[in-house]
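Have a look at the structure below, then the notes.
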Amino acid sequence: MNAHLRRAAVAVAASAMAVSLAACGQAGDSGESAEESAAKKGDNITIGLLLPENQTARYEKFDKPLIEKKISELTNGKAKVVYANAKQDATLQTQQVDTMITNKVDALIVDAVDSKAIAGGVKKAKDAGIPVVAFDRLAEGPIDAYTSFDNEEVGKVQGKALVEALGDKAKDGQIVMMNGSVTDPNAALFKKGAHSELDGKVNVGKEYDTKEWKPENANANMEAAISALGKDKIIGVYSANDGMAGGIITALKSAGFTKLPPVTGQDAELAGVQRIVAGEQFMSVYKPYAPEASAAAEMAVALAKGESLDAIAKEKVDSPSQKAIPSVLVPVVSLTKDNIKDTVVKDGVYTVNEICTPKFKAACDQLGLK
């Protein structure tokens, strides 16, 4: 009798498993099975976090801790975050996605090294019932949600600032455009936005797409531009981010520019802010990381719990492979020496002491940064 009962129990369990697996297969259609399963976990969820590189300070200094903190707040400290950084290696990031799938995370936040290359990994995660939030860069594949800044607006803010800095001398020479990496979809949006402000107002002498966003590649490109155009012809530089601006300014100094032309940037990196204070870099784009990180965390937790995103994601964005992705887009601010105190200092990104090291103290005093 016991043996019979055991066989019956096994049969029932197998049947239940088959029904459960079948329901999982249909979760994309009805959503019910996934939601019910997620609801049972409550706050005891695991979120995977994959960031693209560690050359740019923002990812490990701001994004990672902000996302972890928000996930903890949303889950009463019960959720677990599993983190990996791809160090600008798309192949490594694909392997990291596979590991997250093997570890059965409940949701995945991915900032793609290469938006196209990640598509296969996103599909694998989706097939495994793991929802994916594209963070900062619009990954291709069947992603469930997306948060970033209005990236075309970033380029417009940069382009507009450069035109204003040049003033009535905007057509007296040529500018160099140093765009980001072609593997980053944001770079194309920054470029598009910048061109919408620059075209017709300035003369673009040289334009580059900078491999892997690396400052040393921007430095080499800038050296080539100076050699091709002549240093007396260059009146401004559009740099898509602060890291590259550093490489560009090094090249300008090495070429003997006694007065540096205005150079743009993005990310409000500490070194970039210090160059702005010193008058070496004209501006950066301050992107408040907290709201972006918060949106990613909220969407990942909601998806992991099988909840709707309607209250969180008010916008829809199309990727090359997917339409109407629930999205949160965060506005940006043009950062110049005039508003450092009211932006990065006020928001607690940096203290005055961090910015105003002995090297920059005199310049800080002039700006009233004390």
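The values are calculated or read from the model by the stated rules, or taken from the named source; none is laboratory data. Since the model is a prediction, treat every value here as computed from it, not as a measurement. Glycine gets a Cβ as well: all are built from the backbone with ideal geometry, and neighbour counts include every protein chain shown. The accessibility values were calculated without ligands, DNA or RNA, using every heavy atom of the protein model including side chains. Shrake-Rupley method; radii C 1.70, N 1.55, O 1.52, S 1.80 Å.
Here are the numbers:
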quantity	calculated
Scope segment 155-186; condition part of a loop (DSSP other than H, G, I, E, B) and open to solvent by 40 Å² or more (accessible area, probe 1.4 Å); matching residues	LYS171, ASP172, VAL182, THR183
Restricting segment 82-93 to residues that are surrounded by fewer than 21 Cβ atoms within 10 Å (Cβ to Cβ) and touching a helix residue (DSSP H, G or I) at 6+ places or on another chain (Cβ under 8 Å), the residue that is farthest from ALA125 (Cα to Cα)	GLN88
Residues within segment 60-81 that are out of contact with any Leu (no Cβ under 9 Å at 6 or more places or on another chain) and open to solvent by 90 Å² or more (accessible area, probe 1.4 Å), tallied	5
Index of the failed condition, ALA57 passing every other in (1) open to solvent by 10 Å² or more (accessible area, probe 1.4 Å); (2) more than 15 Å from the chain's Cα centre (by Cα)	(2)
Residue check, GLY141 assigned by the TED database to the domain that holds VAL105, of a type in the set (Gly, Ala, Ser) and in a helix (DSSP H, G or I)	no
Residue within segment 219-240 that is among the β-branched types (Val, Ile, Thr) and either closer than 29 Å to PHE62 by Cα or not assigned by the TED database to the domain that holds ASN339 (or both) present	yes
Residues satisfying the stated conditions in segment 263-296, i.e. open to solvent by less than 30 Å² (accessible area, probe 1.4 Å), assigned to a helix (DSSP H, G or I) and aliphatic (A, V, I, L, M)	VAL273, ILE276, VAL277, ALA293, ALA295, ALA296
Cβ pairs under 7 Å, 6+ apart, first in segment 190-211 and farther than 23 Å from GLU53 by Cβ, second of a type in the set (D, E, K, R) and open to solvent by 60 Å² or more (accessible area, probe 1.4 Å)	SER196/LYS156; GLU197/LYS156; GLU197/LYS160; VAL202/LYS171; ASN203/LYS171; GLY205/LYS233
